[in-house]
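In what follows, a structure is listed as structure tokens, so that the remarks can point back to it.
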Amino acid sequence: MHIATFCGSASHQSANRRALDVVAATLDSAGHVVADAGDLAAIPMFRAELVVDPPEAVGALQTTFETADAVVLAVPEYGGGAAGWAKNCLDWMVGSGSLYGRPAAVLSAGTTGGRNAIDQIARTLTWQGALVVATLGIAAPRTKSDTDGRLTDGPTLDAIAGLADRVVAAVTTGEDDRHQMMADTVSALGIDPLDRRT
Ligand SMILES: Cc1cc2nc3c(=O)[nH]c(=O)nc-3n(C[C@H](O)[C@H](O)[C@H](O)COP(=O)(O)O)c2cc1C
């Protein structure tokens, strides 16, 4: 199985990147192939008139999503909302179908656990037809990490592994069960599972 990962932080000390490292290690040890979206800094501000012939970096991100069986996104929360750059990247995916039908997991590591970031990213993924089947907030990640920033807290590592397992399960299960997983997950966030626009 191919899983794409996407980090909404460019920080060299990123807690969200550290959480994705755990996701990738979990998936890798289970025999899955993980492809990270890489550095997103080359993605420009969204311009609707360019979607028919998007910039190269946008096309590369679309390909990363389209070639994956599922996606895992880690997005920080800033000022009560999802990191703007991550939302900008996802705006480029609107109408492309790149995320349509793909099981997705959303996590956020940050001071409060990033509930607002998770809600916003889950909503925009849902509106693009992705099937958000797992979310995880990691509050105060530095207190759960060693001095090198690696997450070491047992319950947190278990929760991240559980998120990765649930994404894999969503790919392998039948379509009805997959949609039920999505409905259970997004309903808990107050998102109407039928409110899928593309
Ligand atoms: C300007 C700024 C605003 C922030 N706003 C929030 C916030 O609204 N909610 C929250 O939980 N954390 C907030 N944080 C904390 C970040 O989410 C936290 O530093 C997180 O680790 C950043 O992600 P990263 O480590 O992956 O770069 C804020 C941090 C900064 C620098």
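Since Ser145 meets every condition but one in (1) in contact (Cβ under 8 Å) with a residue 60 or more places away in the chain; (2) touching a Ser or Thr at 6+ places or on another chain (Cβ under 9 Å); (3) within 25 Å of Ser96 (Cβ to Cβ), which condition does it not meet?
(3)
Within the stretch 92-99, is even one residue closer than 23 Å to Asp184 by Cα and touching a strand residue (DSSP E or B) at 6+ places or on another chain (Cβ under 9 Å)?
Taking every residue of the stretch 92-99 in turn, at least one turns out to be closer than 23 Å to Asp184 by Cα and touching a strand residue (DSSP E or B) at 6+ places or on another chain (Cβ under 9 Å).
Do we have Leu27 as within 19 Å of the chain's Cα centre (by Cα), farther than 18 Å from Ala170 by Cβ and crowded, with 19+ Cβ neighbours inside 10 Å here?
So Leu27 fails the test.
Which of the residues belonging to the stretch 25-47 are modelled with pLDDT of 95 or more and within 15 Å of the ligand (Cβ to nearest atom)?
Across the stretch 25-47, the qualifying residues are Asp36, Ala37.
Could you grab me the full set of residues in the stretch 1-17 that are of a type outside the set (Ser, Thr, Tyr), within 16 Å of the ligand (Cβ to nearest atom) and touching a residue at least 24 places away in the same chain (Cβ under 8 Å)?
Phe6, Cys7, Gly8, Ala10, Gln13, Ala15, Asn16, Arg17
For the condition charged (D, E, K, R), touching a residue at least 40 places away in the same chain (Cβ under 8 Å) and out of contact with any Phe, Trp or Tyr (no Cβ under 6 Å at 6 or more places or on another chain), what is the one hit in Arg115, Arg123, Arg102?
Exactly one of Arg115, Arg123, Arg102 is charged (D, E, K, R), touching a residue at least 40 places away in the same chain (Cβ under 8 Å) and out of contact with any Phe, Trp or Tyr (no Cβ under 6 Å at 6 or more places or on another chain), namely Arg123.
Tell me, which residue of the stretch 50-73 that is open to solvent by 50 Å² or more (accessible area, probe 1.4 Å) and of a type in the set (S, T, N, Q) is nearest to Ile3 (Cα to Cα)?
Here the answer is Thr67.
Would you call Leu20 within 27 Å of Gly113 (Cα to Cα), part of a loop (DSSP other than H, G, I, E, B), open to solvent by less than 50 Å² (accessible area, probe 1.4 Å) and within 14 Å of the ligand (Cβ to nearest atom)?
Answer is no for this residue.
Here's a check for you: in the stretch 30-49, which residue that is closer than 13 Å to Asn88 by Cβ and not small (Gly, Ala, Ser) is most open to solvent (accessible area, probe 1.4 Å)?
Filtering the stretch 30-49 for residues that are closer than 13 Å to Asn88 by Cβ and not small (Gly, Ala, Ser), the one most open to solvent (accessible area, probe 1.4 Å) comes out as Met45.
So is Arg123 at pLDDT 95 or above, of a type in the set (D, E, K, R) and within 10 Å of the ligand (Cβ to nearest atom) or not?
So Arg123 does not fit the description; no.
Among Leu99, Leu90, Leu50, which is the only one that is over 24 Å from Ile138 (Cβ atoms) and more than 16 Å from the ligand (Cβ to nearest atom)?
On inspection, the qualifying residue turns out to be Leu50.
Considering each of Leu131, Leu107 in turn, give the residue that is within 12 Å of the chain's Cα centre (by Cα), away from the ligand (no atom under 16 Å from the Cβ) and modelled with pLDDT of 95 or more.
Exactly one of Leu131, Leu107 is within 12 Å of the chain's Cα centre (by Cα), away from the ligand (no atom under 16 Å from the Cβ) and modelled with pLDDT of 95 or more, namely Leu131.
The values are calculated or read from the model by the stated rules, or taken from the named source; none is laboratory data. The structure displayed is predicted, hence computed values, not measured ones. Backbone-built Cβ (ideal geometry, glycine too); neighbour counts: all protein chains shown. Quick note on the areas: whole protein, heavy atoms, side chains included, nothing else; ligands and nucleic acids left out. Shrake-Rupley method; radii C 1.70, N 1.55, O 1.52, S 1.80 Å.
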